[in-house]
Amino acid sequence: RKEVEQDPGPFNVPEGATVAFNCTYSNSASQSFFWYRQDCRKEPKLLMSVYSSGNEDGRFTAQLNRASQYISLLIRDSKLSDSATYLCVVKGSGYALNFGKGTSLLVTP
Amino acid sequence: DAGVIQSPRHEVTEMGQEVTLRCKPISGHNSLFWYRQTMMRGLELLIYFNNNVPIDDSGMPEDRFSAKMPNASFSTLKIQPSEPRDSAVYFCASSHGGFGGNEQFFGPGTRLTVL
């Protein structure tokens, strides 16, 4: 079983829609959680960290449920420029980041 | 400021040839990571260094793969001999802070095709 699992999608949504992604992780000792964004044929870039209390950055809201071991990302008022692959990332006590395979989002006009 | 620099950006080679990928991390970063990304397997961590010392190479697929970091500003990933199944995008990333910090900054990647 892969350590971080995501629905690969694709999620096709119209501009202005709200869309949510979830991911689950298997290691209950995981300590840090992130969402990275990867545009087509580009490198991954940090979108936001995920905190236990939940956190918001503009149109993006991330939440963590440690008891159920899942992480979510909510995007409100989707823009065409939000089209990308969203990678769920989990870190334990060491150096390594564990990446999910990503969820593909396509926002259409 | 310059980000992580990788070269070459694209590499096409024939099976059996040696391939060397290069990476220059962000100045001041003390951790460096090599990843491989394919459609089937996603982003896989191959090896990482802290203060130029390899910490964990358990992700290196086999002995054909080797990585070095001779100094804080340069690392190489070598595949010898290369095979078609090595075709992938290879990313280098760097970070700073204890235990690799949190945010990793990725280079643009090297797209490797082995024929």
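The values are calculated or read from the model by the stated rules, or taken from the named source; none is laboratory data. As the structure is a prediction and not an experimental result, all values here were calculated from the model. Methodologically, a virtual Cβ is constructed for each residue, glycine included, from the backbone with ideal geometry; neighbour enumeration extends over all protein chains shown. The accessibility values were calculated without ligands, DNA or RNA, using every heavy atom of the protein model including side chains. Shrake-Rupley method; radii C 1.70, N 1.55, O 1.52, S 1.80 Å.
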The lone exception for B:ILE26 - which of (1) more than 17 Å from A:PHE99 (Cα to Cα); (2) open to solvent by 60 Å² or more (accessible area, probe 1.4 Å); (3) hydrophobic (A, V, I, L, M, F, W, C) it fails: (2)
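Which of the residues belonging to segment B:65-100 are within 9 Å of chain A (Cβ to nearest Cβ) and either open to solvent by less than 10 Å² (accessible area, probe 1.4 Å) or in a helix (DSSP H, G or I) (or both)? Spell out the reasoning first.
Of segment B:65-100, the ones within 9 Å of chain A (Cβ to nearest Cβ) are B:89, B:91, B:93, B:95, B:99-100.
B:PHE91, B:ALA93, B:SER95, B:PHE99, B:GLY100 - these are the residues of segment B:65-100 that are within 9 Å of chain A (Cβ to nearest Cβ) and either open to solvent by less than 10 Å² (accessible area, probe 1.4 Å) or in a helix (DSSP H, G or I) (or both).
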Which of the strands (runs of 3 or more DSSP E) contained wholly in segment A:1-94 include at least 2 residues that are within 12 Å of chain B (Cβ to nearest Cβ) and of a type outside the set (A, V, I, L, M, F, W, C)? A:4-6, A:32-38, A:44-50, A:84-91
Collect the residues in segment A:65-74 that are surrounded by fewer than 22 Cβ atoms within 10 Å (Cβ to Cβ) and within 15 Å of the chain's Cα centre (by Cα), keeping them in residue-number order. A:ASN65, A:GLN69, A:TYR70, A:SER72, A:LEU74
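Can you say whether B:PRO108 is under 20 Å from B:VAL19 (Cα atoms), within 11 Å of chain A (Cβ to nearest Cβ) and not charged (D, E, K, R), as far as the supplied structure shows? Before you say what the answer is, go through the steps one by one.
Numbers: under 20 Å from B:VAL19 (Cα atoms): yes; within 11 Å of chain A (Cβ to nearest Cβ): yes; not charged (D, E, K, R): yes.
Considered against the rule, which asks whether it is under 20 Å from B:VAL19 (Cα atoms), within 11 Å of chain A (Cβ to nearest Cβ) and not charged (D, E, K, R), B:PRO108 comes out as yes.
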Suppose we keep only residues that are more than 7 Å from chain B (Cβ to nearest Cβ) and part of a strand (DSSP E or B) within segment A:95-109. Which one would you say is most open to solvent (accessible area, probe 1.4 Å)? A:LEU106
Residues of segment B:23-42 that turn out to be on the phi > 0 side of the Ramachandran plot and more than 10 Å from every other protein chain (Cβ to nearest Cβ), as a count: 1
Say we look at segment A:3-28 and pick out the residues that are within 14 Å of the chain's Cα centre (by Cα) and small (Gly, Ala, Ser); which of these is surrounded by the most Cβ atoms within 10 Å (Cβ to Cβ)? A:GLY9
Residue that is out of contact with any Pro (no Cβ under 6 Å at 6 or more places or on another chain), closer than 15 Å to A:GLY94 by Cβ and acidic (Asp, Glu), where the choices are B:ASP56, B:ASP86: B:ASP56
